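Novice: One structure follows; several queries about it will come next.
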Amino acid sequence: MTAVEAVEKLQAGDVTPLELIDASEQRIRETEDAVNALPIQCFDRARDHAKSLMKKARHSDDEPSLHGLPIAIKDLTPVEGVRFTLGSPIFADQVAAHSDIMVKRLEERGGIVVAKANTPEFGAGAQTFNEVLGTTTNPFDVSKTPGGSSGGSAAALAAGQVWLAQGSDLGGSLRIPASFTGVVGLRPSPGRVAHGPSTLPFGVGSVEGPMGRTVADVALMLDMMVGEHIADPISLPRPDYSYLDKVKAPRKFGKVAYSPNLGQCPIDGEVAAICAKAAEAFKDYATSVEEDCFDLSDGDNIFQTLRAAQFAAAHAPKLKEHRSLLKPDVIWNIEAGLALTANDIGLAQRQQGALYAAVAEFFGTYDLLISPTVMVPPFNHEIRSLSEVEGVKFDNYVAWLAMTYLLTNTSCPVISVPCGMTQSGLPVGLQIMAPAHREDLVLQAAALFEADHEYSRLVPIDPVLK
């Protein structure tokens, strides 16, 4: 069952939340040793929540609800009464005293949290491993990584452990694992999904978003997540339409731009060929598809500077108090942020402003931008990060994420949808970007592509041992 189908059955009374919790728990038992996607489980709490939900009057048909659907929450987000490690030895035994407002909203709308999904320490990096909960593997081939930092959420979906999972995205942490595991991940516009309370409530780099096995499932989850909240000062009002309804009403697009490398990135040959073929398919959904892109030549400096500043703001006290417990990549990022000058940050902000002006002009011509999600297919999970792609060498652990983080700089919504398989049977994703605050457009475009291609039907799967 898709999440949409499961919710329909719950609403009709054909199944109960407790029955779906049992099914989720059984599937986790069958697959978790192989994938280590949901190492923190909270089934007693979930069943208590389900029983409480079942005692209440059923939600009215016009009130959005998941009606008791089991979901997973990434272990960077607190869930009251549940272990909350952030993937760090510093917080290995921490139990959350409260839930994030995003979690509260999902639970109020009928979502039932059954587990926390694995993540790298503080979400740093796109390979999901940490010293507390271990390494998460890719269900398509457990010798490979599911990507990160929402790798636990993606692997749980691909292995059929839950119907929906929450992730977060700064440099590509929703989109990369979606690409690597053959699922769908949406990075919404900043403010679309309220979260917090946060120590950095005005930041627009990191966002929360939905992940699912189909585009409609992701639209359903987004419907349950959106809406402004006083604790999040940049949160946006709930739109006057349903994203799921939009997905069910496909539309024809105008001109669509395709960029094979965003003008900046090396791309694995097989990934390039798969995504180019997928881009051709968009000629059926648009008046034309043209190879074009706005100028992203300042993108590396924008992202690396603002990300380093964010790391320093969020984690500098930990460096002073717990340096020996931090992984080297986190230390490097914090120190890089502390070394920045006001001029460095000011330049990056001006560059980002110029970039957004170019993006706004670009979307005066095109409805969408499409491109490969990741430079490469999934790689061995023992590799901490890639140091080279197609002969281009990288000098830091996040440089290989450029296909996603260059678009993070725009603050526009971007979705990754499965678009093909390598000869060795590994998933490849295509990312679709629309103007700011137009999540409906990326969902509609992804749904059109999905309807004509079989890739979303390849999950859930049994983990493949190679």
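The values are calculated or read from the model by the stated rules, or taken from the named source; none is laboratory data. Since the model is a prediction, treat every value here as computed from it, not as a measurement. Neighbour counts are summed over all protein chains in view; Cβ atoms, including those assigned to glycine, are modelled from backbone coordinates with ideal geometry. Heads up: the accessible areas ignore ligands, DNA and RNA and are worked out on the full protein's heavy atoms, side chains in. Shrake-Rupley method; radii C 1.70, N 1.55, O 1.52, S 1.80 Å.
Novice: Taking only protein heavy atoms into account and a 1.4 Å probe, give the accessible area per residue of the chain in Å².
Specialist: 37 Å²
Novice: Take S324 and D452, extend 7 Å from each Cα along the Cα→Cβ direction, and tell me the distance between the two endpoints in nm.
Specialist: Between S324 and D452, the label points sit 6.0 nm apart.
Novice: Can you pull the accessible area of R251 for me, 1.4 Å probe, Å² to the nearest 10?
Specialist: Counting only protein heavy atoms, R251 exposes about 90 Å² to solvent.
Novice: So, one more: What do you reckon, how do E121, E131 stack up by accessible area (1.4 Å probe), largest on top?
Specialist: E131, E121
Novice: Just reorder M1, M421 by solvent-accessible area, largest first, 1.4 Å probe, all chains present.
Specialist: So the residues, ranked largest to smallest area, are M1, M421.
Novice: Follow-up question, since we're still on this one. How far apart, in nm, are two points set 7 Å out from the Cα along the Cα-to-Cβ line at F202 and at V464?
Specialist: 4.9 nm
Novice: Still on this structure: Efficiency by 1/(1 + (r/R0)^6): what FRET value for D93 and S387, r their Cβ-Cβ distance, R0 = 51 Å, to the nearest 0.05?
Specialist: 0.90
Novice: Per 0.36 nm of contour for each residue apart, how much would the distance between K55 and K277 grow if the chain were fully extended, relative to their Cα-Cα spacing?
Specialist: So the extension gain works out to 74.8 nm.
Novice: Hey, another quick one. Could you work out the helix-only [θ] at 222 nm for the chain, with each DSSP H run of four or more residues adding -39,500 (n - 2.57) and the total divided by the number of residues, to the nearest 500 deg cm²/dmol?
Specialist: -11500 deg cm²/dmol
Novice: Mark the label point 7 Å from the Cα of A354 along Cα→Cβ and return the residues of the stretch 300-322 whose backbone N is within less than 18 Å of it.
Specialist: Within reach of a label on A354, which here means backbone N under 18 Å from a point 7 Å along Cα→Cβ, the stretch 300-322 contributes 300-306.
Novice: Which of G87, L66, H98 sits closest to the plus end of the dipole of the stretch 64-106, meaning its Cα is farthest towards the positive end, when Lys and Arg get +1 and Asp and Glu get -1 on the C-beta?
Specialist: Projecting each Cα onto the dipole axis, the largest value belongs to L66.
Novice: Then there is this: Under the definition of Cα pairs under 8 Å and six or more residues apart, what whole-number percent is the relative contact order of the stretch 226-333?
Specialist: Reported relative contact order: 23 percent.
Novice: Please list the non-local residues whose amide H lies under 5 Å from the amide H of Q41, H modeled 1.01 Å from N, same-chain partners needing a gap of 5 or more.
Specialist: K116
Novice: Okay, next question. What whole number of Å gives the distance from the Cα centroid of the stretch 1-50 to the Cα centroid of the stretch 89-135?
Specialist: When both Cα centres are located, 17 Å separates them.
Novice: May I ask what percent, to the nearest 5, of DSSP beta bridges between residues of the chain are antiparallel?
Specialist: The antiparallel proportion sits near 65 percent.
Novice: Turning to a different aspect of this structure: Please report the accessible area of T16 (heavy atoms, 1.4 Å probe, ligands and nucleic acids excluded) in Å², nearest 10.
Specialist: Approximately 50 Å² for this residue.
Novice: Here is a further query. Given points 7 Å out from each Cα along the Cα-Cβ axis, report the Y241 to L347 separation in nanometres with one decimal.
Specialist: Roughly 4.3 nm, to one decimal.
Novice: If you don't mind, another one. Using alpha carbons only, how many angstrom separate the centre of the stretch 383-404 from the centre of the stretch 213-267?
Specialist: Spelled out, the Cα-based centre of one part sits 27 Å from the other.
Novice: Additional query: Run the paramagnetic zone check for S297: 7 angstrom along Cα to Cβ, then residues of the stretch 331-366 with backbone nitrogen under 14 Å.
Specialist: Only 355 fall inside the zone, counting backbone N under 14 Å.
Novice: Any idea how many Lys pairs in the stretch 20-163 come in under 26 angstrom at the alpha carbon, given 8 or more places apart or on separate chains?
Specialist: Lysine pairs meeting the criterion: 12.
Novice: Pairs of alpha-carbon atoms within less than 8 angstrom and 6+ residues apart define the contacts here; what relative contact order does the stretch 358-466 have, in percent?
Specialist: 27 percent
Novice: In a shell of Cβ-Cβ distance under 13 Å around A357, excluding A357 itself, what net charge do Lys and Arg (+1) and Asp and Glu (-1) give?
Specialist: Taking every other residue near A357 into account, the sum is -2.
Novice: Per the 1.4 Å probe, what fraction of the accessible area of the stretch 105-227, in percent, lies on carbon and sulfur atoms?
Specialist: So the carbon and sulfur contribution to the accessible surface is 54 percent.
Novice: Moving on to the next point. Mind checking the full-extension length gain between L18 and D48? Use 0.36 nm per residue of separation minus the Cα-Cα distance, one decimal, nm.
Specialist: That works out to 9.8 nm of additional length.
Novice: Once amide H atoms are built 1.01 Å from N in the peptide plane, which residues 5 or more positions from D292, or in another chain, come under 5 Å H to H?
Specialist: So D292 has HN proximity to Y258, S259.
Novice: For the chain, what relative contact order do you get, as a whole percent, if you take Cα pairs closer than 8 Å and at least 6 residues apart?
Specialist: 18 percent
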